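For reference, the structure is listed below as C-alpha cells.
The values are calculated or read from the model by the stated rules, or taken from the named source; none is laboratory data. Computed from a predicted model, the values in this text were never measured in an experiment. Ideal geometry is used to build each Cβ from the backbone, glycine not excepted, and the neighbour counts take in all protein chains shown.
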Amino acid sequence: MEVQQLDVLLRLIIAHLLADFVFQTDSMVQGKRKKGIKSPHFYWHLSIVGLLSYVLLADWSNWKVPLLIVLLHGAIDWLKIKINKDNILLFAADQGLHIVSIVFVWFIFSGNSLTGIIETQDFFKLDSKHLIVCIAYIITTLPSAILIGYLTKTWQKQLKKAKRESLTDAGKWIGVIERVLILTFIINNQWEPIGFLLAAKSVFRFGELKNDAEEKKTEYILIGTLMSFAFAIFTGILTHYLIK
C-alpha cells in the first residue's frame, strides 16, 4: 500500500467527519427526521458531503469518487431515516456504515485515478501523521460529545424532572475544550497537566454541590467528566501510538 493512497483514505474520512458533525446543524438533523428525503436539509447535507470530499481530494478532474460517496452516504442516511429510531446502537451502526462505504470507495479507486493526487496542490501536501492528528481532534470534539450524550441519556431524563438553571450547551462545550486540551497534552507527551485539569474542574463544578438535593446532578457531572476524560485519553494514546 502506497503512503499516498493511505492519505487519500484519511482525507475522505476527515471530509465525512466534518460533514456529519461540524457542518451538519441540529436543524438539519431534525429536518431530515421529520420530512426524510423530501426535506431540503437532506440534499443540502449531501451537497456538503460531496463538496468536502471533492475539495479534500484536491484532484479537480476526479468527480467519480465524490459522486459515489454522496450516493452511498445518501442511501445510508435514507435507511437511518426509515428506521426512525434514535439510540446509541443506531448511531454506531450509521457511522460504521459510512466508514465502510468510504473504505469501499477508496479500495476501488486507490490503484487507479486517485494515485498521486497528493501532488496536485502544494497547499494540500500533508502526510499521514498530520491527517491522523486532524481526525483525532475532530473526533474528540462533537462526535465524542454526541456519543457521551447517548451514553448518559438515561440520567439526563432523570435530571429534567428537577428544576435547574444552566447555560445552553455549556456542559457540551466545556467537555469539548477539556478533550481538546487532554489530546494536545498526550500528543506532546505531557501527562501532568491532565491531573491539574481534572482537579481544577472538580473544584469549580463540584464545589457548590454539597446538599443532598444536588446529589443526582453531582453524580451525573462526575459520570460525564470521567467519560469525557476516558474518550480523550484513549484517543490521545492511540493517536500518539500511530504517529510515533
query = When you go through GLU192, GLU178 one by one, which is the residue that is closer than 27 Å to VAL29 by Cβ, of a type in the set (Asp, Glu) and at pLDDT 75 or above?
reply = GLU178
Residue in region 55-95 that is surrounded by the fewest Cβ atoms within 10 Å (Cβ to Cβ), counting only those that are assigned to a helix (DSSP H, G or I) and among the aromatic types (Phe, Trp, Tyr) = TRP78
note = The correct count of residues that are touching an Asp or Glu at 6+ places or on another chain (Cβ under 8 Å) and either modelled with pLDDT of 90 or more or not in a helix (DSSP H, G or I) (or both) in region 126-142 is 2
message = Among (1) modelled with pLDDT under 90; (2) under 24 Å from ILE243 (Cβ atoms); (3) in contact with a Pro (Cβ under 8 Å, 6 or more places away or on another chain), there is one condition LEU9 misses while meeting the rest; what is its number?
response = (3)
Leading residue by the ranking (surrounded by the fewest Cβ atoms within 10 Å (Cβ to Cβ)) among those in region 13-54 that are touching a Leu at 6+ places or on another chain (Cβ under 7 Å) and hydrophobic (A, V, I, L, M, F, W, C) = VAL22
message = For region 1-54, give me the residue count where each residue is in a helix (DSSP H, G or I) and within 26 Å of LYS129 (Cα to Cα).
response = 27
